[in-house]
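The values are calculated or read from the model by the stated rules, or taken from the named source; none is laboratory data. All values reported here derive from a predicted model rather than from experimental measurement. All Cβ positions, glycine included, derive from the backbone under ideal geometry; neighbour counts span all protein chains shown.
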Amino acid sequence: MEPGAKAKDNDRLWPVSEIDLHTLAEEKGDVDDFLTIYLTVNIRDDRPQIASRLKTMAKAMPHELEEAFSKTRIMAKSGLTAVPIKGERGRIIFASEQRAILQVYRLGVELEPLVVWDRSPFLLPLDRLRNDYQDYGLLLLDSQEARLFLIRSDFLQEKKKISIDLMNKHKKGGWSQMRYNRLRMGSIKSFLSQVIDDLQKWEDLSKAKGLVVAGPGEAKGQLVEMLPPDLKRLVLDVVSISMETSSGDLVRLGDEIVRGDRTMEKAMAEKLRESVLKGQLAAYGLDEVGEALKQGRVNYLLISKGFALPGMICKSCHHIHAKGERCPTCGGEMAALQLESLFEMAQHSGAKVVLAEDEFLESIGHVGALLRY
C-alpha cells in the first residue's frame, strides 16, 4: 500500500451491510482515476483472470491516463494478491492513487469477476449484494436450550446461549404425574420468557431484516405465541430442525427463507402502483424519474431486476434523454445510460434503491419512483 493511502482493515470478514455505500458514492471525480475490482477467492480463484484483464486495460489506456492507471494498479496489487483468510469467498477492492485510497473488503460470499476504471467507485454490484444478503437473526431452541445467532453475508455469529436443566430442577420423587408436568411446563414458560427478554434487549435485531425461529418440538411455536407484537412482526418463518444442525446448514436454511421473503419489495411495488393510478407522489419512465432524481425528490427508486436501461445521460448536467449525441438542455456530450448512473444519482440524493420483480413496474418502463414531494 502506498504511504498515506486511506485503507480499511482487510484482515477480517466484512458483512456487506457494514460497507458505507454513501461515503463511497461521494468519491466522484472529473476524470477516470478510480479502480474497482470484484472477484471470488477460495471457491474458485479469479485473481489470474483479473490480472490478465488489468494488463489488457493498461495496453488500451489513453496516454493521458496511463500514469494514473499504472500507479493505481500497483497500489491495488497488495489487495489482489493477499492470501485469503478463513471463511473468505469474495473480495472487493476500491483504489485510487490520485486520491490516496485503498479499500479492500473480504466477504463471505461469492462474487462475479469484474474490473472497472471510472471517475468513481462502481457500486451497483455491491448494492445488489446488500439486497441479497441482508442481516437477520436466527433463534435455535428447544425446551431446555436456546442459541441466538446473527447471520451477516453468510457469516454466522453466535450472540448468546441460554439453557435450563429441567431434570435437576424437578426431581419427580413421589410427585404425581400431573404435578410434575405442571411444574415442568412452568419452568419451560419461565425459560422462554427469559429468551424473549434477551430478544427485546438485542439491538442488532432492530436493524436486521427479521428473525428465523427454528428447532425441534413444540417450544419454538410456544415462544412465538408468547412474543409481544413488535417482536412477532419480525418473525420471518418457524421451521423444524435438529439442535445439532451444522452452522453451514443453519446459514443455508436462513438464506433460503430470507431471500425468498420479498415482503418489502412487494410492498414498495404495490405502493408505486397505487400512487401512479391515484395521481399521488410518484414518477415513472426514464425522463420523469431522471428529472426527479436530479431534483432530489426521490424517496424510493424502483428498478426491474435484470433490466438494461436504454437512453442517454448528459455528462455535464446529468439530464436523461431518449437519444442524441448532444444534450438538448445544456449542449453537453451524451453517454449511454447505465443502471450505475441512476444508482449514483440515488446515492447522492439519499434515495433508497429497490430491485423488484413486478408486472406493473415492467409495464410502465421498468423504472419508477416514490417521491418525497
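A few comments on the model shown:
- Any hit, region 32-49, residues being crowded, with 16+ Cβ neighbours inside 10 Å, within 14 Å of residue 120 (Cβ to Cβ) and among the hydroxyl-bearing types (Ser, Thr, Tyr): yes
- Of everything in region 211-223 that is crowded, with 22+ Cβ neighbours inside 10 Å and of a type in the set (Gly, Ala, Ser), the residue that is nearest to residue 252 (Cα to Cα) is 214.
- Residue in region 294-305 that is surrounded by fewer than 13 Cβ atoms within 10 Å (Cβ to Cβ) and more than 24 Å from residue 189 (Cβ to Cβ) present: yes
Per-residue answers, yes or no, for (1) outside the structural domain of residue 111 (by TED's automatic domain parsing); (2) out of contact with any strand residue (DSSP E or B) (no Cβ under 6 Å at 6 or more places or on another chain); (3) at pLDDT below 90; (4) in a helix (DSSP H, G or I):
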site: 23; (1), (2), (3), (4): no, yes, yes, yes
site: 39; (1), (2), (3), (4): no, no, no, no
site: 43; (1), (2), (3), (4): no, yes, yes, no
site: 48; (1), (2), (3), (4): no, yes, no, yes
site: 56; (1), (2), (3), (4): no, yes, no, yes
site: 70; (1), (2), (3), (4): no, yes, no, yes
site: 73; (1), (2), (3), (4): no, yes, no, yes
site: 76; (1), (2), (3), (4): no, no, no, yes
site: 79; (1), (2), (3), (4): no, no, no, yes
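- Looking across region 197-233, the residues that are among the hydrophobic types (A, V, I, L, M, F, W, C) and either more than 25 Å from residue 17 (Cβ to Cβ) or touching a residue at least 60 places away in the same chain (Cβ under 8 Å) (or both) come down to 199, 202, 205, 208, 211, 212, 213, 214, 219, 223, 224, 226.
- If only residues of region 291-303 that are part of a helix (DSSP H, G or I) and not aliphatic (A, V, I, L, M) are counted, the one that is nearest to residue 150 (Cα to Cα) is 294.
- Top-ranked residue in region 50-75 [being of a type in the set (Gly, Ala, Ser) and in contact with a helix residue (DSSP H, G or I) (Cβ under 8 Å, 6 or more places away or on another chain); ranked as nearest to residue 96 (Cα to Cα)]: 70
- Residue count for region 316-373, restricted to those that are at pLDDT below 75 and β-branched (Val, Ile, Thr): 2.
- Only one of 65, 150, 140, 102 that is closer than 30 Å to residue 196 by Cβ, of a type in the set (A, V, I, L, M) and more than 18 Å from the chain's Cα centre (by Cα): 140
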